[in-house]
Amino acid sequence: MKSSAPGVPTACRLALDRALRERGPRYRRLLETTKAVPWEADARTWRFTYVGPQAIDLLGYPLDDWYEPGFWASHIHRDDRERTVRYCLESSHRYKDYAFEYRMTAADGSAVWLHDVVSVEYADGEPSMLTGFMIDIGATKGAVDERRELAGRLLSAQEDERRRLARELHDDLTQRLAGLAIEAGRIERRLLASDEPALSEVRTIKERLIELSSDVHLLAGRLHPPILDHLGLATALEAECASLQRCNGMSVVYEFEDVPADLPGETALCIYRVAQECLNNVVRHAATDEVSVRLEVEGDALVLRVRDEGVGFDPAAVRGEDALGLSTMKERVRLVAGELFVRSRPGRGTEIEARAPLTGHG
């Protein structure tokens, strides 16, 4: 086992040797025999100060290579590099512990899927040391992809059914309710000079029919908002935020910038549904009356951020219906080849970020 890193400052080598001595041979054996790759890195430079010998089998590089400056970032798969580096930078400054998935390029050129669990140590309020475990999840990736494909088909079927129901509600039920309201109005006019009690009842029925028609119209819009098809995502989200503010008395700050009018339909629907779910969760759980929604373009991605300063939560501890809601959002975003990030801690508010490519996906 290599307990010191070539080219690593003496202080780092001494600190690692001291930690291994203090924790004893049982700790060293645990690090060497686990199938996960234990590691330690400087949070300022991301240079490894310790890597378990399992790394040789993981990617096929000599252990000495791992200690070279920039090894980790330069060996992240090119399609994952930008978002992985960005996520680590942001998470290391905000969370003591976090986990994520990405691909690294092995010595033979193949892509290896990893699940990385990270713990952050701080000095003077800034990240100073990162420790964690890299776990090869390639063996389970096929089964996961199959489940995601099934989830994708189910979500697509759900959206198709929502469209059908929305059309039926709008084209049939709302029209029939409107007709009944008109008929009640005619009866009301005939009763004006004759029967005051009956006139009052008819007026009540007419008002209820108008109210019911309005509710059905709103329900049809939530099942599949026609405004999304006709006026685009930015306007549809503006209407959604206005509705939330009007119906729940919340203060909603909505901002959008440089959002293309010709977004792929699946991308627009995905981001709209994620925003809906986020806003519903704020109403149900956040215990706050303020929320911000921002939609913008960053590079080649459309980015949605929904932020509140409410009670927050531990994403790893979410169970039941709420876990299903988060899972559904993630699956929606994956369907358009995007990513979803959940950043929250108890008492520290919540931010949901959804990123989707502006171009079509395969």
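Derivation of every value follows stated rules applied to the coordinates shown; laboratory data play no part. These numbers were taken from a predicted model, which means no experiment stands behind them. Please note: Cβ atoms are built from the backbone with ideal geometry, for glycine as well, and neighbour counts cover all protein chains shown.
Consider segment 48-68. How many of its residues are surrounded by 13 or more Cβ atoms within 10 Å (Cβ to Cβ) and part of a loop (DSSP other than H, G, I, E, B)?
Going through segment 48-68 one residue at a time, the tally reaches 6.
Just give me the residues in segment 284-317 being touching a Pro at 6+ places or on another chain (Cβ under 8 Å) and not acidic (Asp, Glu), in sequence order.
The answer is VAL297, ALA301, LEU302, VAL311, GLY312, PHE313.
Residues in segment 83-106 that are over 17 Å from the mean Cα position of the chain (by Cα) and acidic (Asp, Glu): how many?
1
Do we find a residue being touching a residue at least 12 places away in the same chain (Cβ under 8 Å), assigned to a helix (DSSP H, G or I) and under 20 Å from GLY338 (Cα atoms) anywhere in segment 284-301?
The answer is no; no qualifying residue exists.
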